[in-house]
Amino acid sequence: MTASAGDGAYADATSGMPTGMETLDQVAALVRGCQGCSLAGGRTNAVPGEGNPKADVMFIGEGPGAQEDRQGRPFVGPAGKLLDGLLASMGANRQDVFIANMVKCRPPGNRDPAPAELAACTKYLDRQVELVNPKLIVTLGRFAFNRYFPGEGITKARGKLREIGDRKIFPVLHPAAVLRRDELRPTMVKDFEAIAEILAEGPKDTEKGPGGVQTNRVIPATPQATQLSLMDAPDPAAFLAPVEALAPEIPADAKEGPLSPEQLTLF
Ligand code: SF4
């Protein structure tokens, strides 16, 4: 007997112990064999997620795109290349973080995941969050942000450290949105600078809201120049390259997350 998603665990209802998802590898194995929603029928590969099992920061996107579906790995398409550059700009790489998605199988045509698909799949993400237990969760785009703060827009929320329960949530735009609108790139850079600040200094700037649940505390946007210069990145050229050079297939594959007008508009 199991308790399902939404309660933060996939656990035996009596003992409270996880059922078959004691490790990240077990979660991944279950994901690869999952038939829990209609997305199973259209996938080439499920994309469980990957990275450092003890990462301080966990990135959560929406769902796999075409290249992710082919390779079974998250964020390996154009948006993934941009994410790699952003990680490099803060002196990190994929081996330092954990990267996962809301749904583990590609929605056909890169459409938005349906509510039933999100509900069916969230048990895997919830368990990954429990197992990695990151200091900070960075949500990429609206869908992942709404997992924790339903109904809120990403445009106003991005770049502000939030707290829900004992989790620190830092929402940013989806990299695919930045690929579509290059003018969003400075905003994305600034938000990743803030991530580096949070990780370096600890989440001391968070404030719980009146209900003790969430905060609207804004992390200072001003970067520490000595810490976060793109010129210090291992491969800043990769990030600073023109969008076209980074992502010649943007129209086909960039969408690993929502591209709604709301997401693509800063103000
Ligand atoms: S999207 Fe999630 S719930 Fe649906 S089949 Fe894939 S792993 Fe299972």
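The values are calculated or read from the model by the stated rules, or taken from the named source; none is laboratory data. The shown structure was predicted, so the numbers you read here are calculated from the model rather than taken from an experiment. Here the Cβ positions follow ideal geometry from the backbone for every residue, glycine too, while neighbour counts run over all protein chains shown.
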Q: Enumerate the pairs (first residue in segment 129-140 and of a type in the set (Lys, Arg); second residue anywhere and in a helix (DSSP H, G or I)) with beta-carbon separation below 8 Å, excluding pairs fewer than 6 apart on the same chain, so at least 6 apart or on different chains.
A: LYS135/LEU199
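Mind checking which residues of segment 97-118 are of a type in the set (Gly, Ala, Ser), closer than 25 Å to PHE149 by Cα and either away from the ligand (no atom under 13 Å from the Cβ) or part of a helix (DSSP H, G or I) (or both)?
Listed by number, the list holds a single entry, ALA116.
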Q) Looking at ALA114, is it of a type in the set (Gly, Ala, Ser), surrounded by fewer than 22 Cβ atoms within 10 Å (Cβ to Cβ) and over 15 Å from the mean Cα position of the chain (by Cα)? A) yes
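Yes or no, residue by residue, for (1) within 16 Å of the ligand (Cβ to nearest atom); (2) buried (at least 20 other Cβ atoms within 10 Å of the Cβ); (3) not hydrophobic (A, V, I, L, M, F, W, C):
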position: GLN35; (1), (2), (3): yes, no, yes
position: ASN45; (1), (2), (3): yes, no, yes
position: GLY49; (1), (2), (3): yes, yes, yes
position: ASP69; (1), (2), (3): yes, yes, yes
position: ALA88; (1), (2), (3): no, yes, no
**Q.** Contacts under 8 angstrom Cβ, first residue in segment 52-64 being within 16 Å of ALA196 (Cβ to Cβ), partner aromatic (Phe, Trp, Tyr) and part of a loop (DSSP other than H, G, I, E, B), 6 or more apart
**A.** PHE59/PHE75
**Q.** Flag if ARG94 is within 16 Å of the ligand (Cβ to nearest atom), under 16 Å from the mean Cα position of the chain (by Cα) and of a type in the set (Lys, Arg)
**A.** no
Q.
Can you tell me which residue is farthest from the ligand (Cβ to nearest atom) among those in segment 124-142 that are charged (D, E, K, R) and surrounded by fewer than 18 Cβ atoms within 10 Å (Cβ to Cβ)?
A. LYS135
Q | Count of residues meeting criterion [among the β-branched types (Val, Ile, Thr) and farther than 19 Å from HIS174 by Cα] in segment 83-121 | A | 0
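Kindly indicate which of ASP25, ASP7 is exposed (fewer than 14 other Cβ atoms within 10 Å of the Cβ), within 18 Å of PRO134 (Cα to Cα) and either within 13 Å of the ligand (Cβ to nearest atom) or at pLDDT below 95 (or both).
ASP7
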Q.
Condition first: closer than 18 Å to ILE154 by Cβ and not in a helix (DSSP H, G or I). Now tell me which residues in segment 124-144 satisfy that.
A. LEU136, ILE137, VAL138, THR139, LEU140, GLY141
Q.
Test of understanding: among ARG147, ARG167, which residue is within 16 Å of the ligand (Cβ to nearest atom) and of a type in the set (Lys, Arg)?
A. ARG147
Q: Provide a single number: the residues in segment 29-65 that are within 17 Å of the chain's Cα centre (by Cα) and not β-branched (Val, Ile, Thr).
A: 17
Q: Assess whether PHE75 counts as being under 21 Å from ASP191 (Cα atoms), within 14 Å of the ligand (Cβ to nearest atom), under 14 Å from the mean Cα position of the chain (by Cα) and aromatic (Phe, Trp, Tyr).
A: no
Q) Yes or no: CYS121 within 13 Å of the ligand (Cβ to nearest atom) and not in a helix (DSSP H, G or I)? A) no
